[in-house]
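Colleague: Have a look at the structure that comes next, please.
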Amino acid sequence: MELGMIGLGRMGANMAQRLHRGGIRVTGFDPGQAARERMASAGVATTASLEALVQAIPAPRAVWLMVPAAAVEPLLEQLLPLLAPGDLVVDGGNSWYRDSLRHAQRCHQAQVAFIDCGTSGGVWGLKEGYCLMLGGEPGAMARLKPALQVLAPAADRGWAHVGPVGAGHFCKMVHNGIEYGMMQAYAEGFALMQKKQAFALDLAQVAEVWRHGSVVRSWLLDLATDALRDNPRLEGIAPYVQDSGEGRWTVSEAIELDVSAPVITLSLLERLRSREANSFADRMLAQMRSGFGGHAVKAANDGE
């Protein structure tokens, strides 16, 4: 099988290399010359333009997009006129599933098949393989099977055709919402243990114990253990947590479907809260306590 990979950032580059090592012929494109040069040094062929990429892949073509969600639509506007009926486009990024439904319709008008693929695995995917959740037509999925078997942790697991177009990105959206909740629970638990100074707990030791036989063991715990072992006090790390959108989409979907999702919702709100260096809401709370109860208000520079 031959495949075009558009987007050679951290995920796209690693996926291209894993495919290349697994015997899938890959041609990559990225607008950044440095990204193309890194791929070339890894043995993956690259082109300097979309036009050249399309010409380098034999028909019927399969083109995999690994770009930010906001870049998919303008990229399709450039790419679809270059493709031919019977070609296949895979969006392997973190697109909102409703956008994927629109993108699929746009591809259908051009007689190009479309697959939305929720991709999990992060920077470890090159070594460990990727978890792939795919939505689309069975025929298109069959064409892609050799690549999926190489990208996944094993040929017979870690990837699945989960439903029609949109289902892949929908499952990945919920997957990331769950991830928010799991990460928040770990963070709160370790913060509680860190605060119990009377026991002088070695958090890396506790985390390592939990990794073996415990019902809370997971890959996220493995990563937490490594972090605590290398930097027990997490020095030099700002208490500022980004979100990439999937948690917001999950919460919005839960509200629309009347599904109670308090843990995911609160974990998202905690990420938003982490960005408030001088929270107006907290200052307002302090002032109200002073107003009704006469409680002392701490000056902004107290303790500095």
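The values are calculated or read from the model by the stated rules, or taken from the named source; none is laboratory data. Note that the coordinates shown come from a computational prediction; the quantities given were computed from them, not determined experimentally. Please note: Cβ atoms are built from the backbone with ideal geometry, for glycine as well, and neighbour counts cover all protein chains shown. Remember, those area values only see protein heavy atoms, side chains included, never the ligands or the DNA or RNA. Shrake-Rupley method; radii C 1.70, N 1.55, O 1.52, S 1.80 Å.
Colleague: Residues of the stretch 102-131 being assigned to a strand (DSSP E or B), hydrophobic (A, V, I, L, M, F, W, C) and touching a helix residue (DSSP H, G or I) at 6+ places or on another chain (Cβ under 6 Å), which ones? Can you show your working first?
Modeller: Our first condition is that a residue be assigned to a strand (DSSP E or B); within the stretch 102-131, this holds for 113-120, 131.
Then keep just the ones that are hydrophobic (A, V, I, L, M, F, W, C); that gives 113-115, 117, 131.
ALA113, PHE114, ILE115, CYS117, listed by residue number.
Colleague: Would you call VAL26 part of a helix (DSSP H, G or I) and touching a residue at least 24 places away in the same chain (Cβ under 8 Å)? Steps first, please.
Modeller: Details: part of a helix (DSSP H, G or I): no; touching a residue at least 24 places away in the same chain (Cβ under 8 Å): yes.
Against the criterion (part of a helix (DSSP H, G or I) and touching a residue at least 24 places away in the same chain (Cβ under 8 Å)), VAL26 does not qualify.
Colleague: Taking ALA281 as meeting all but one of (1) of a type in the set (A, V, I, L, M, F, W, C); (2) within 30 Å of HIS175 (Cα to Cα); (3) loosely packed, with under 12 Cβ neighbours inside 10 Å, write down the number of the exception.
Modeller: The one condition ALA281 does not meet is (2).
Colleague: Moving on to the next point. Note down all Cβ pairs under 9 Å where the first residue falls in the stretch 265-279 and is closer than 17 Å to GLU246 by Cβ and modelled with pLDDT of 90 or more, the second is open to solvent by 90 Å² or more (accessible area, probe 1.4 Å) and part of a helix (DSSP H, G or I), and they're at least six residues apart or on different chains.
Modeller: Close Cβ pairs (under 9 Å, with a partner that is open to solvent by 90 Å² or more (accessible area, probe 1.4 Å) and part of a helix (DSSP H, G or I)) amount to THR265/ILE255; LEU268/ARG248; GLU270/GLU188.
Colleague: Within the stretch 90-126, work out how many residues are within 26 Å of SER252 (Cβ to Cβ) and among the hydrophobic types (A, V, I, L, M, F, W, C).
Modeller: So the answer is 8.
Colleague: Does the stretch 211-259 hold any residues that are closer than 27 Å to GLY168 by Cα and hydroxyl-bearing (Ser, Thr, Tyr), and which are they?
Modeller: Looking only at the stretch 211-259, we keep the residues that are closer than 27 Å to GLY168 by Cα, and these are 216-223, 241-259.
Within the stretch 211-259, SER218, SER244, THR250, SER252 meet the criteria.
Colleague: Take the residues of the stretch 186-198 that are assigned to a helix (DSSP H, G or I) and open to solvent by 60 Å² or more (accessible area, probe 1.4 Å): which is nearest to TRP249 (Cα to Cα)? Before you say what the answer is, go through the steps one by one.
Modeller: Taking the stretch 186-198 as the starting set, the residues that turn out to be assigned to a helix (DSSP H, G or I) are 186-195, 197-198.
Going one step further and asking which of them are open to solvent by 60 Å² or more (accessible area, probe 1.4 Å), we end up with 188, 192, 194-195, 197-198.
On the way: GLU188: 23, LEU192: 30, GLN194: 32, LYS195: 33, GLN197: 39, ALA198: 42 Å.
The extreme case among them is GLU188.
Colleague: Next question. Here is a list: ASP91, ASP87, ASP99. Which entry is modelled with pLDDT of 95 or more, of a type in the set (D, E, K, R), open to solvent by less than 10 Å² (accessible area, probe 1.4 Å) and closer than 25 Å to VAL174 by Cα? Reasoning before the result, please.
Modeller: Numbers: ASP87 fails: closer than 25 Å to VAL174 by Cα; ASP99 fails: open to solvent by less than 10 Å² (accessible area, probe 1.4 Å).
The match here is ASP91.
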